[in-house]
Amino acid sequence: MEDTRICFNDNLGTVRWTGSIQGKEGIWVGIEWDDKTKGKHSGSYEGVQYFVTKVPDSGSFLKEPAFLAGLKPGVSIEYAIFDKYADKNAMDFTETYVPTVKNFKKPIELVGTEKIQKRQEQISNLKEIALQSCCVASINEGFGKHLISCEILLLDKNLIISWNQVSQILIEIPQLHTLSLAGNLIEQPLTNPVTHALSILALNNMRLNMTSVIPIISQFPQLQELHLFKNSCNDLNVPIELLSNLKLLNLEDNNITSWQSISDQCKHLPYLEKIIINSNPIRQLQYDGGFENLSALSIENCDLFDWKSIEEIGKIPGKIKELRMARNLNLTETMRLSLFRFNAVARIGSLVMLNGSAVRSQERIEAERYYLRSNADNPDAVNAYRWGELVTKYGPPSEISCKVVSEQDSLSGQNLSKNTITIMIRSLARVSAGKEFKKKLLLSMNVGDLKSMCSKLFGVQTNEMKLSFRDKGNIMPEFLDDNLKNIGYYIMSDDGEIWVEDLS
């Protein structure tokens, strides 16, 4: 029973030991929980070590009767598929009897042949099969004969114990395109590898290191997406031929400390378009060649130290079009979110999406002009990658006006009625970043009422919100900081936008 994967009261774990505990009656079961918060120790009791957990303090003891009472039995993959997807209401049961050893009659149910065929046809038409948390523990031979259309198989958080079971899945479903095994803590090594045309593989949250990943991905010469979120893959020394067809690599939360290790491994991958390295303690990025086709990068919740790293991203020849860089506190704690966005947009000329929100042409103009004007005396900025390009585009910083235009100028030529304005309201707040609504507003509405409306639209509390107005002709934002004033006071025009931000 040891090293068996189990589901106990909907919590996954691995049996590490069974036996007697000194000073306690009965048989006990030692379990290492996948969720370490369920654990109480590392396998010891009153100084005696009965087993050792792989993750500290993730173990506990259960008395055998209680363990058996809460145990959910594992099932075969075929059973799980039919149990979830077959139309049970269409089944035609015929009642009959068989004699027991004591000559009693025991009723049994026989399923009509036509109904069995109908159930199998339902399964054979499925293109995606999702079996998350279904207690799949065994992969029975021949189950794939029903899955002639299956291209996507999601087996997250099940009880698979061996990589050879995964190989059997691949043999059974040769046309499989996408396979997710997230949350399966598979400990038995691969001894029967296969070659398969799989395109997308998700191995998230499986406590893997790159040494254990290499034999797995070696089976997939056409692999295009590899997801390794929340593992221990911080040593990226992988034979480059195993990644040669990758378009997307997800290394989020792997305790990677150096961008250089990622660059050395990935910069020569010819088809790589997107890298996700969120939640890794990376302090600096420096471009040193390669990444010819990289167009999307996600570096949220890292430890980026300064804006030079963002300027380095702008040098990538693949032209980064989509960037996610929220929650880098060293960059955000010293400026408002709107100015943070301006600085990022100005430094990377190819951006079309930032933190999930589109970069519009007018926003780019304002961001680049603001960047020049506000950094004219900053030697680091003057020597930065895009500075010369922006000076050529807009002229010397001293000639760029940041003065708020007059009310007459801002309203001239605009299709604005006397009492109302139609304006885009965009959220940059954490809970709703990227959402936007076009609204027709009364100019007599006060700022407090506008905040209440925005709170309902974007889920931000009014006391945690700040509003600003961006007019087409202005480089600097106009902050709506007086709740009692009418919004008409802030010189709004149809070409402008209202931005909703977190107060801190």
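Laboratory data are not the source of any read-out in this text; all were calculated from the coordinates shown. Keep in mind it's a predicted model, so treat the numbers as computed, not measured. Please note: Cβ atoms are built from the backbone with ideal geometry, for glycine as well, and neighbour counts cover all protein chains shown.
Considering the dipole of the chain built from charges on the beta carbon (Lys and Arg +1, Asp and Glu -1) around the Cα centre, which of Trp307, Ser361, Asn250 is farthest to its positive end? So the residue furthest toward the plus end is Ser361. Overall, the chain carries a charge dipole of about 820 debye about its Cα centre when +1 sits on the Cβ of Lys and Arg and -1 on the Cβ of Asp and Glu, all other atoms neutral.
Projecting the Cα atoms of Val460, Leu503, Ser133 onto the charge dipole of the chain, computed from C-beta unit charges around the Cα centre, puts Val460 farthest toward the positive end. Which whole-number percent of Cα pairs in the chain have a distance greater than 37 Å? Looking at the chain, the distances longer than 37 Å represent 50 percent of pairs. Separation of segment 189-230 from segment 292-354 is 30 Å, based on Cα centroids. Each Cα pair under 8 Å and six or more residues apart adds its sequence gap; the mean of these over the residue count of segment 5-72 is a relative contact order of 33 percent.
Using helices alone, I'd like the mean residue ellipticity at 222 nm for the chain: each DSSP H run of four-plus residues gives -39500 (n - 2.57), total over residue count, nearest 500.
Values: 14 runs with 118 residues, N = 504.
Taking each H run of at least 4 residues, the total per residue is -6500 deg cm²/dmol.
Listed by Cβ neighbour count within 10 Å, with the fewest neighbours leading, Glu64, Glu151 appear as Glu64, Glu151. In this structure, the amide hydrogen of Asp156, modeled 1.01 Å from its nitrogen in the peptide plane, lies closer than 5 angstrom to those of Leu131, Gln132, Ser133, Ala182, counting only residues at least 5 positions away or on a different chain.
Taking only C-alpha pairs under 8 Å that are 6+ residues apart, what is the relative contact order of the chain in percent? Let's see the in-between values first.
Numbers: 1060 pairs, mean separation 30.6, N = 504.
Over the chain, the number comes to 6 percent.
Which pairs in the list Lys247/Lys308; Lys274/Lys451; Lys247/Lys439 are over 29 Å apart, alpha-carbon to alpha-carbon? Over 29 Å Cα-Cα: Lys274/Lys451; Lys247/Lys439. Using C-alpha pairs under 8 Å with a sequence gap of at least 6, the mean separation divided by the residue count of segment 150-275 gives a relative contact order of 19 percent.
Among Asp253, Asp235, the ranking by other beta carbons within 10 Å of each residue's beta carbon, starting with the fewest, stands as Asp235, Asp253. Cβ-to-Cβ counts within 10 Å put Tyr394, Tyr271 in ascending order as Tyr271, Tyr394, the fewest first. Over all alpha-carbon pairs in segment 197-246, figure out the percentage whose distance exceeds 13 Å. Across segment 197-246, Cα pairs with separations above 13 Å total 54 percent. Divide the volume of the convex hull around the Cα atoms of segment 5-72 by the residue count and you get 72 Å³ per residue.
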